[in-house]
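The values are calculated or read from the model by the stated rules, or taken from the named source; none is laboratory data. Note that the coordinates shown come from a computational prediction; the quantities given were computed from them, not determined experimentally. As a convention, Cβ positions derive from the backbone with ideal geometry for all residues, glycine included, and neighbour counts pool all protein chains shown. Just so you know, the surface numbers come from the protein's heavy atoms only, side chains and all, with ligands and any DNA or RNA stripped out. Shrake-Rupley method; radii C 1.70, N 1.55, O 1.52, S 1.80 Å.
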Amino acid sequence: MNHFLLHLDSVLIASSNEKHLSAFKEMGDFASFKGRIELVRVPYLRRVQEEQRVYEFRLKETVGKHVAPHATWVAAVWAVLTRLKKPVTDRYKSDLKKLADHLTPLEKARLYDDGGAPDRLSNQQARELKKHLQELWKESDSYPNYEGRTGASARELKTVISNAAQNPGYKCLTPQAVLEELEALTRDKSVYEFLQQEVVDGYHDHEEFVRVAEGEYLDVLDEEVREAMGLISEKQYRTMFERYVLHVLAWTRGERLRNPHTSEMERPDEEMMAQTESIVMAGSEDRREFRRGLISAVGAHRLEHTEGELDYSQIFPDIFRHLRDHFFDERKRTLRKNAEKVLRFLGDERGQLSSREQQQVADTLRGMQEKSGYCENCAKDGIVLLLSKRYTD
Ligand SMILES: [Zn+2]
């Protein structure tokens, strides 16, 4: 300051450029600054929802078209994945060591994002992992190459999003358009230094992360479309199996059950049990044997695991695979049929649908609009994508 003498207690200097900082450290003068400087690191964001907020800031005003649900979210998922490092497992003790070693980049991102542990873990393992979340988060604080130092920058992603918005193939800014831009970006290895990193157990596999982000998006989209069509979800067939076990238990004991709707005591529902068995049981098996075997397996599991809720999908993985396959096939047929109707409705063939079918499609579209924010254009794009990626033969 030319004309003033300022008495300052502290000065804050910021740089987003690690290379300049490293060069400064090499300078002769740095030695005299060193003792007077407190370096505060600000890594790239490692939580998807925070990253997403960065992209959404004033987005609607700048893109000039409808922003489809999850368009910024897929970008944020990919960006965060590019920044994560594989945990250095030697830093952790026994059980945790193995958990940290097997953690995939997506699982780590989810853990950071909302504290959710991978489904493949037992309740106890999930608790263990969540308990040590802070250690994982802070693990690399002292490393020169800390987590969040490298990877895609928010600025690069904002460019990706604005390019995706220009894509003439989509009427809205869609997740598909964003994924296409990301795919193109990962081919430019000479432009982006972070793309040259070596892949370590799936970490830094930036091309694969585009597919991972797409898979995440398809899961959410699938759920939304299914819900808008009123089709059965994974949660519902779990509930159905729980009800089945309850009735089988009463059947083996010769007891009656209280009907939750009428409060009457009733015999176990033979029709419902037989229906479930027709899906999960091999044709040659004896129904009675099957039921008894089921109940003793639940009992044995209870003896070993006295804590926590019963998770039937862990006791009967085979049965659940059958149920899942069965419902998936059934759902696939219904979803394809319904989806084709939606596409005809939005195309030029609306008149060829019966009034009942038109009503059904209108309900689906309204569901997607009200619950998730799709307009007709991005609903159509989403359904086309879902059909081609998840529901083809
Ligand atoms: Zn839209």
Anything in the stretch 326-381 that is among the charged types (D, E, K, R), open to solvent by 70 Å² or more (accessible area, probe 1.4 Å) and within 15 Å of the ligand (Cβ to nearest atom)? List them, or say none.
Arg366, Glu370, Lys371, Glu376, Lys380
Among the residues of the stretch 43-86 satisfying the criterion of being open to solvent by 20 Å² or more (accessible area, probe 1.4 Å) and among the aromatic types (Phe, Trp, Tyr), which is farthest from Tyr203 (Cα to Cα)?
Phe57
Of everything in the stretch 112-131, what is of a type outside the set (Gly, Ala, Ser) and not in a helix (DSSP H, G or I)? Give them in sequence order.
Pro118, Asp119, Arg120, Leu121
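Let's see how each residue does on (1) open to solvent by less than 40 Å² (accessible area, probe 1.4 Å); (2) in contact with a strand residue (DSSP E or B) (Cβ under 8 Å, 6 or more places away or on another chain); (3) within 30 Å of Lys19 (Cβ to Cβ):
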site: Gly148; (1), (2), (3): yes, no, yes
site: Gln166; (1), (2), (3): no, no, no
site: Glu181; (1), (2), (3): no, no, yes
site: Arg187; (1), (2), (3): no, no, yes
Output yes when any residue across the stretch 169-176 is within 16 Å of the ligand (Cβ to nearest atom), within 28 Å of Tyr55 (Cβ to Cβ) and of a type in the set (A, V, I, L, M, F, W, C), and no when none is.
yes
Subset of the stretch 269-287 (residues that are assigned to a helix (DSSP H, G or I), modelled with pLDDT under 90 and open to solvent by 50 Å² or more (accessible area, probe 1.4 Å)):
Gln275, Ser278, Arg287
Condition first: assigned to a loop (DSSP other than H, G, I, E, B) and aromatic (Phe, Trp, Tyr). Now tell me which residues in the stretch 132-180 satisfy that.
Tyr143, Tyr146, Tyr170
Yes or no: Asp90 among the acidic types (Asp, Glu) and over 18 Å from Ser142 (Cα atoms)?
no
Pro118 fails exactly one of the following numbered conditions: (1) surrounded by 13 or more Cβ atoms within 10 Å (Cβ to Cβ); (2) in contact (Cβ under 8 Å) with a residue 24 or more places away in the chain. What is the number of that condition?
(2)
Every residue from the stretch 188-234 that is under 24 Å from Tyr146 (Cβ atoms) and either touching a residue at least 60 places away in the same chain (Cβ under 8 Å) or not assigned by TED's automatic domain parsing to the domain that holds His102 (or both):
Phe194, Val200, Asp201, Gly202, Tyr203, His204, Asp205, His206, Phe209, Val212, Ala213
Selection status of Gly299, at positive phi and away from the ligand (no atom under 16 Å from the Cβ):
no
Kindly indicate whether Val248 is assigned to a helix (DSSP H, G or I) and in contact with a Lys or Arg (Cβ under 6 Å, 6 or more places away or on another chain).
yes
For Glu223, indicate whether it is touching a helix residue (DSSP H, G or I) at 6+ places or on another chain (Cβ under 7 Å), surrounded by fewer than 22 Cβ atoms within 10 Å (Cβ to Cβ) and assigned to a helix (DSSP H, G or I).
no
